[in-house]
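Reading through the structure tokens given below for one structure.
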Amino acid sequence: RGIEHIVDMERLVRRLQQWDPDIIHFQWLVLPLVDRWFLPRLRKGSKLILTVHDSHPFHQTPSSIVQLWGFSAAVFSFDHIIVHTNFTREKLIKDMMIPEKRISVIPHGVLDYYLRLSDAYAGDQTDHVVTKEQIILFFGLIKPYKGVDVLIHAFSQLPKELLEESQLWIVGYPKMDVRPLQELAERLGVTNRIRWDLRFIPE
């Protein structure tokens, strides 16, 4: 996939050089070690903007350690950086020594994609579950940075009468060992209130 990325970046650079845009906005750097060598070519005719979504690259859980190589050098190839929170802004200033004037904070907009998607599938009740209990849902890939452990702790702290009327559903494909999470639930006495559905769920 790394070789494929190099080929694709070369094609992208050539196409963008033909289009000659004023601004090129990157949402993320797929492979910074490779990307950093292509960015100067793009910067010759365009301003480069990068949105840094996370205060630590790839939430410190990259698919491969190689993804972390060259990140700092690649970031300095951009004319300006967008972050979503002041916390991330301060981290970049402190940890990467990026000048304040090169960073703008733009809060993340409302993600209504799944609301619109649910309207399209409103008639599909194949997996609908009927229950009188309140359901608290965690949904998505399970990774360390997502704080499922914090969620389990918080769930266990609900008032007893509310806890007895609630279920916590943890639904999604695990990209980590979930046994420590399940052991945590057992220690906190909420195992029977948690439903684990550890698989990839398509839209």
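The values are calculated or read from the model by the stated rules, or taken from the named source; none is laboratory data. Here the structure is a predicted model, which means the values were calculated and not measured. Cβ: placed from backbone, ideal geometry, glycine included. Neighbour counts: every protein chain shown. Areas reflect the complete protein model, heavy atoms only, side chains present, ligands, DNA and RNA absent. Shrake-Rupley method; radii C 1.70, N 1.55, O 1.52, S 1.80 Å.
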Notebook entry, point to check: When you scan the stretch 189-202, how many residues do you find that are outside any helix (DSSP H, G or I) and either open to solvent by less than 60 Å² (accessible area, probe 1.4 Å) or of a type in the set (Asp, Glu) (or both)?
Noted result: 5
Note to self: Any residue that is farther than 18 Å from ARG36 by Cβ, part of a loop (DSSP other than H, G, I, E, B) and modelled with pLDDT of 90 or more - is there at least one of those in the stretch 109-128?
What the structure shows: no
Next item on the list: State all residues of the stretch 137-180 that are in a helix (DSSP H, G or I) and hydroxyl-bearing (Ser, Thr, Tyr); if no residue qualifies, say none.
Entry: TYR145, SER156
Check: Just one of SER46, SER77, SER104, SER55 is small (Gly, Ala, Ser), within 29 Å of PRO174 (Cα to Cα) and either without any contact (Cβ under 8 Å) to a residue 60 or more places away in the chain or open to solvent by 50 Å² or more (accessible area, probe 1.4 Å) (or both); which is it?
Finding: SER55
Checklist line | Top-ranked residue in the stretch 19-42 [being assigned to a loop (DSSP other than H, G, I, E, B) and among the hydrophobic types (A, V, I, L, M, F, W, C); ranked as farthest from the chain's Cα centre (by Cα)] | finding: LEU31
Notebook entry, point to check: So, of the residues in the stretch 78-108 that are of a type outside the set (A, V, I, L, M) and in a loop (DSSP other than H, G, I, E, B), which turns out to be nearest to PRO32 (Cα to Cα)?
Noted result: PHE78
